[in-house]
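One structure, pasted below without further comment.
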Amino acid sequence: MQNLLHNLNPEQLAAVTLPAQSALILAGAGSGKTRVLTTRIAWLVQTGQISANGILAVTFTNKAAKEMLMRLSAMLPINTRGLWIGTFHGLCNRLLRAHHRDAGLPQTFQILDSADQLSFIKRLLKANNVDDEKYPPRTLMYFINGAKDSGLRASEVEAYDAIERKMVELYDLYDQQCQREGVVDFAELLLRSYELLSRNQPLREHYQARFKHILVDEFQDTNDLQYKWLKLLAGQHGAVFAVGDDDQSIYAFRGANVGNMSAFEREFRVQNLIKLEQNYRSHGHILDAANTLIANNSKRLGKNLRTDAGHGEPVRVYEATSDIQEAQWIVEEAKNLIREGSLRSEIAILYRSNAQSRVIEHSLFTSGIPYRVYGGQRYFERAEIKHAIAYLQLMDNPHNDSAFLRVVNFPARGIGARSLEQLQDAAKQYNLSLYAAVPYVAGKAGSSLSSFVKLIEGARFETQQLPLPEMVQIVLEVSSLIEHYQTEKEGADRIENLEQLVNAATLFVSEEGFGLDAPALAGPASQATPNVITIADGVEIIDADAALPAVMSPLSAFLSHASLEAGDNQAQAGQDALQLMTVHSAKGLEFDAVFISGLEEGLFPHENSAKEEGGAEEERRLMYVAITRARKRLYMSFSQTRMLHGQTRYNMRSRFFDELPEEAMKWLSPKTQPSWFASSKSAWDESPSTGANTIAQSFNKNAWRIGESVFHAKFGEGVIVNIEGSGANSRAHINFGRHGMKLLDLSIAKLDKI
Ligand code: ATP
Ligand code: MG
């Protein structure tokens, strides 16, 4: 038996070995929260306080869940596959599959990812003749998700005006349509399983008795419904062990509520609040940068971090003239690190927005450095993969209209808009899915649609005994997808991606323990050998083992995985590659060296944050997360110009540079005067919306605009990159190219528009 505890400091040890009551571990980045949580699971099991089946642990990403399972299997001689460790979505998916009847869902229900959800809503609006200018699909999507995240069904949402009443009505129609098609969106996974547990007393009591220990990582980012879900599952006696860091709360825009931390302390009667202040991750200068920056936030629960590691290297800052040059600099520095012996996978390049990755990828590509992009366009979101997945979805659940519409005429088989209109009318008239309505369409349209149905049914028949990878292979052929891309000029890459889907399926079934021969369509194993628990009042509950084979067919499981997983290109997994990702997706991770790129006003902090209350503080927390990912080396960069979304932007360096300790920084290019906002910072920070408005109004009044080209007698042509102050006091930062950046008083300077 290993001694699990000898590598812990006294506070960590106290946290790991707390009695079975609810506890809150509130601690800064890199202080060992995740390590404490994982070690506690191992300790509870090793000391025989609970069997591994009695534990439920929630992580923020699938990647984090995998890592936790790996660490656990190194600490404990158990099979970790059936453990209830995963994301909220992943755990709810398993629960709903196991109890789909009680939850009112078909066993093969399918999960809509965000892109699917948006097109679903567009379709719904069209079918109901709703003006999508008045009710933009995206707005409706946020409305629906927001309501679900707060635990509200359409009948429970209060509407205050005609527009809201209409939105509520559409929300209701949306839910009905989802039910008809057997599809659920992300928020529904959680809401449906919450409702399942709250309405079904025997089931609830069963799981409450089972999960005596619930552990939650990144607790600061739970939303209201997740909090309620945890509370329900814990019941009166469950012990919830929550770890979190209020300074790393970065999902308020998605409904995360950092207030859950104080609610938790109160409502779970937390007697043990432990703070960890020793940081084990980062060298001194990096930690100083993080501490000094975050001290600018006013809403904090208050804690600090210290390290025993020396100062280490200073944080290197670089100012580039263009985004391309910035990328080249990053690649050069990364090459130096690799030359010095660093693993590529220990180097991360972070950015605020996905759109920034393209230029960096280009530079890496031309230098021949292998890299992996996380987030970004997920493998499963590529058009060709979506098409293949749609065929598979139809074989699993033909009533998924989104999947049907995606491929009914792709590759083209002569089914035009008119035929589909006829089909949609029939489906509406008989209240059927499109697939089921096909027999009601007459004439030529009817016969082409029937041959599509035959194609799907034929593929289903042909593959019913086959394992998943072979099924995928056959679908690629009978759908004619491969053939179609062979005729396309740029089709080779797509064919390669499609072929990788077979590899992805192979890897998936073996990793999840399905067995390589298990027929893709065979139902869950637990139905063959039900593990029935009879509850006293006669209600039978089949206990859900969290291992996928116990609750889903290989095909259903693979399709869930395609919607829920980050879906990085699995064929590349295992290769030593540089890591590219947004700051959001870097949460919880650590690397020897980290580059934070694009530190410019408007980009990081993001311009949208100026519109949100508390937006500035959230951006600063995001920057804190970015900084604290680094162990030994940290680089920051910004650029004078940047092409984004087809436009050249002229940005000032980020305000964050003025909030970092000079002693910890090393400017590789001379640091110029403080950024424009230094004077207006407090206004922006305390009241972001008014601050931003004053600036915005000033543009209008004096009619000068950011981005406008001007001519100055002495400096020549320039571009306005920023305007501060208002009325007679307004001044502009103008980039005059060769003459550099000038700050000019707009009421005095003689400027002409070009
Ligand atoms: P974050 O807030 O970023 O999620 P965290 O608080 O979860 O960070 P961990 O990831 O658990 O921190 O730990 C940070 C690093 O410090 C890890 O590499 C971990 O192994 C190491 N570490 C934690 N505690 C100790 C310890 N007592 N001795 C040595 N190393 C430790
Ligand atoms: Mg962590």
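Can you work out the Karplus-derived ³J(HN,Hα) for every residue in segment 150-159? Use 6.51 cos²θ - 1.76 cosθ + 1.60 with θ = phi - 60°, whole Hz, and x for glycine or proline.
Rounded to whole hertz, the list is 9, x, 10, 7, 3, 5, 9, 7, 8, 10.
Under 17 Å from the Cα of Lys444, which aspartates and glutamates turn up, not counting those fewer than eight places away in the same chain?
Glu421, Asp425
Taking the Cα of Ser669, stepping 7 Å toward and past its beta carbon, and measuring to each backbone N in segment 599-621: which are under 13 Å?
Residues 599-600 fall inside that zone.
Right, here's the next one. Determine the sum of side-chain charges near Ala20: Lys and Arg each +1, Asp and Glu each -1, restricted to other residues whose C-beta is under 12 angstrom from that of Ala20. Could the numbers behind the result be given before it?
Values: positive: Arg40, Lys212; negative: none.
Combined, the nearby Lys, Arg, Asp and Glu give +2.
Obtain the radius of gyration and the Kirkwood radius of the chain from its C-alpha atoms and give Rg over Rh. Walk me through the numbers on the way to the answer.
Numbers: Rg = 27.9 Å, Rh = 28.5 Å.
Result: Rg/Rh = 0.98.
Expressed as a whole number of Å, what is the distance separating the alpha-carbon centroids of segment 357-372 and segment 264-309?
Going from one Cα centre to the other spans 35 Å.
Angle, helix 688-702 long axis vs. longest principal axis of the chain, Cα atoms, 0 to 90°, nearest 10?
The angle comes out near 60 degrees.
Still on this model: What residues have an amide H closer than 5 Å to that of Arg653, excluding those fewer than 5 places away on the same chain, when H is modeled at 1.01 Å from N in the peptide plane?
Glu601
Label Asp517 and Thr321 with points 7 Å out from Cα along Cα→Cβ: what is the distance between them in nm?
With each label placed 7 Å out from Cα toward Cβ, I get 6.7 nm.
Sorting check: for 505-516, 390-401, 155-166, which peptide has the highest mean count of neighbouring beta carbons within 10 Å, and how do the rest follow? Before the final figure, lay out the partial values.
On the way: 505-516: 17.2, 390-401: 23.5, 155-166: 11.3.
Final packing ranking: 390-401, 505-516, 155-166.
Still on this structure: Which order, highest average first, do 451-464, 627-640 follow once you tally other Cβ atoms within 10 Å for each residue and take the mean per peptide?
Working: 451-464: 15.6, 627-640: 25.6.
Going from most to least packed, we get 627-640, 451-464.
Karplus couplings for segment 223-237 from phi (6.51 cos²θ - 1.76 cosθ + 1.60, θ = phi - 60°), rounded to Hz, Gly and Pro as x?
The phi angles translate into 9, 4, 5, 4, 4, 5, 4, 5, 5, 5, 5, 6, x, 6, 10 Hz.
Using modelled amide H (1.01 Å from N, peptide plane; none on Pro or chain starts), what sits under 5 Å from the amide H of Ile85, excluding residues fewer than 5 places away?
So Ile85 has HN proximity to Ala57.
Using only Cα atoms, tell me the angle between helix 468-478 and the longest principal axis of the chain; keep it within 0 to 90° and round to the nearest 10.
90
Starting from the 7 Å offset along Cα-to-Cβ, what nm value, one decimal, do you get for the label separation of Tyr142 and Lys166?
1.8
Output the antiparallel fraction of DSSP beta bridges having both residues in the chain, as a percent to the nearest 5. Can you show the working numbers first?
Values: 28 of 78 bridges.
Here the share of antiparallel DSSP bridges comes out near 35 percent.
While we're looking at this one, here's another question. For the chain, what is the mean residue ellipticity at 222 nm derived from helices alone (per DSSP H run of n ≥ 4: -39500 (n - 2.57); sum divided by total residues; nearest 500 deg cm²/dmol)? Before the final figure, lay out the partial values.
Values: 28 runs with 326 residues, N = 754.
Theoretical 222 nm ellipticity from helices: -13500 deg cm²/dmol.
Rounded, prolate or oblate for segment 145-224? Axes are the square roots of the Cα gyration tensor eigenvalues, ordered a ≥ b ≥ c, and the cut-off for rounded is a/c under 1.5.
Working: a/c = 2.37, a/b = 1.75, b/c = 1.35.
Prolate is the answer for segment 145-224, as a/c is 1.5 or above and a/b outweighs b/c.
For segment 575-668, with the dipole built from +1 on Lys and Arg beta-carbon atoms and -1 on Asp and Glu ones, taken about the Cα centre, which of Ser639, Gln575, Ser654 lies farthest toward the positive end?
Going by the Cα projections, it comes out as Gln575.
Rule-based calculations on the coordinates, nothing more; no lab input. None of the values given here were measured: they were computed from a predicted structure. Please note: Cβ atoms are built from the backbone with ideal geometry, for glycine as well, and neighbour counts cover all protein chains shown.
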